[in-house]
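Read-outs: derived from the displayed coordinates by stated rules, not from any lab. This structure is a prediction, so every number in the text was calculated from the model and none was measured. Positions of Cβ are backbone-derived with ideal geometry, glycine not excepted, and every protein chain shown enters the neighbour counts.
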Amino acid sequence: MKQIVVISGKGGTGKTTLTACFAALSKNKIICDCDVDAADLYLLLGPDIMHEENFTGSKVALIDPEKCSECGECVKACRFDAIIDLEIDPVKCEGCGVCVYLCPEKAIVMNNRVDGTIFLSDTSYGPFFYARLNAGSGNSGKLVTEIRKKAFQKASDMKSELILIDGSPGIGCPVIASISGTDLALIVIEPTLSGEHDLLRIAGLTEHFKIPTLVCINKFDINEDISNKIENICNEKKIPVVGKIPYDPIVTRAMIEKKTVIEFTDRPVKEQIQNIWKNIYEKLSG
């Protein structure tokens, strides 16, 4: 079993669009959306939810009014101003537990907090895992890890050859959780000054974790000077550029129709994406 993750230095580069295309092109795989803060791969894959479960990634304090002597020690100790009139505001509570430690009456306990939902679904492309983090909740990296564990178990049970991961954007904790232990990372970059900077950041991350890395330049023809500069950077860092996708409004039209580019059109952009997947598969197999 191999694991491929598609990542980018920021959102909006075409990472999810490409992942959906790869889902249409590949066989015998499990699909996993690890962008838990703003999951949107499901919009293109049209999943039927088979199972859902709560994700508890943190804790929240709770005061037992029968034990509470209203001494106010918890109010003084709380740095987040989460205790108002001796009641816990679950939105402000960070779950640090200092109130539990300092309460002389042992009237405060820490309870699990529901921070999101994990979904197992079925699609025409294969089983698909994704999640939704609740507004204001943290631990997105832990939620990504939970999704990947479930996807790996499902892949093992089904003897799947591939886990295809739509990774989180950026370089933070959810990205680290997305790429850890994968066999190959594809970085999707746009030819802009910020894209050039993002490439250096995200390539530095994959290099640190020793993840074999490839690069795809999306909309390369909107600024061919920077596209060439990005290619030169990749050559210097010995990162193969597996393809360059031209700008084509048909991609947006396909998204509006909730279809992958592979299914929606036969224009040159489709052939470019097919070639990119072929190059990725050859690198993975080699």
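Taking 0.36 nm per residue of separation and subtracting the Cα-Cα distance, full extension of the segment from Cys71 to Asn275 would add 66.5 nm. Only Lys, Arg, Asp and Glu carry charge here, each on its Cβ (+1 for the first two, -1 for the last two); on that basis the chain has a dipole of about 920 debye about its Cα centre.
Among the cysteines of the chain, those whose beta-carbon sits 4.7 Å or more from every other cysteine beta-carbon are Cys21, Cys32, Cys34, Cys68, Cys71, Cys78, Cys93, Cys96, Cys103, Cys173, Cys216, Cys234. The long axis of helix 15-25 is offset from the longest Cα principal axis of the chain by roughly 60 degrees.
With the cut-off at 1.5 for a/c, could you classify segment 138-275 from its C-alpha gyration tensor as rounded, prolate or oblate?
Details: a/c = 1.88, a/b = 1.22, b/c = 1.54.
Judged from the Cα gyration tensor, segment 138-275 comes out oblate (a/c at least 1.5, b/c at or above a/b).
In terms of distances greater than 19 angstrom between alpha carbons, the cross-link table entries Lys2/Lys150; Lys244/Lys270; Lys2/Lys210; Lys219/Lys244; Lys150/Lys278 yield Lys150/Lys278.
Summing Cβ point charges (Lys, Arg +1; Asp, Glu -1) relative to the Cα centre of segment 65-106 gives a dipole of roughly 200 debye.
The calculated FRET efficiency for Ser285 paired with Ile256, based on their beta-carbon distance and R0 = 41 Å, is about 0.75. Beta bridges per DSSP, both residues in the chain: antiparallel share near 50 percent.
Test of understanding: what is the full-extension gain from Met158 to Glu105, defined as 0.36 nm times their sequence separation minus their Cα-Cα distance? Before the final figure, lay out each step's value.
Numbers: separation 53, 0.36 × 53 = 19.08 nm, distance 5.24 nm.
Taking Met158 through Glu105 to full extension adds about 13.8 nm, to one decimal.
For the chain, what is the relative contact order in percent, using Cα pairs closer than 8 Å and at least 6 residues apart in sequence? RCO, the chain: 26 percent.
Local charge for Glu161 was computed over the other residues whose Cβ lies under 14 Å away, with Lys and Arg +1 and Asp and Glu -1, and equals +3. Rounded to the nearest 500, the helix-only mean residue ellipticity at 222 nm of the chain stands at -11000 deg cm²/dmol, with each DSSP H run of n ≥ 4 adding -39,500 (n - 2.57). A dipole drawn for the chain from +1 and -1 charges on Cβ atoms has a positive end, and of Thr260, Val215, Gly141 the residue lying farthest that way is Val215. With both labels modelled 7 Å from their Cα along Cα-to-Cβ, the Phe209 to Asp225 distance reads 3.5 nm. Once both axes come from the Cα atoms, what is the angle between helix 140-158 and the longest principal axis of the chain, in degrees from 0 to 90, rounded to 10? It works out to around 60 degrees.
Once the Cα atoms are used to define both axes, helix 224-236 deviates from the longest principal axis of the chain by about 80 degrees.
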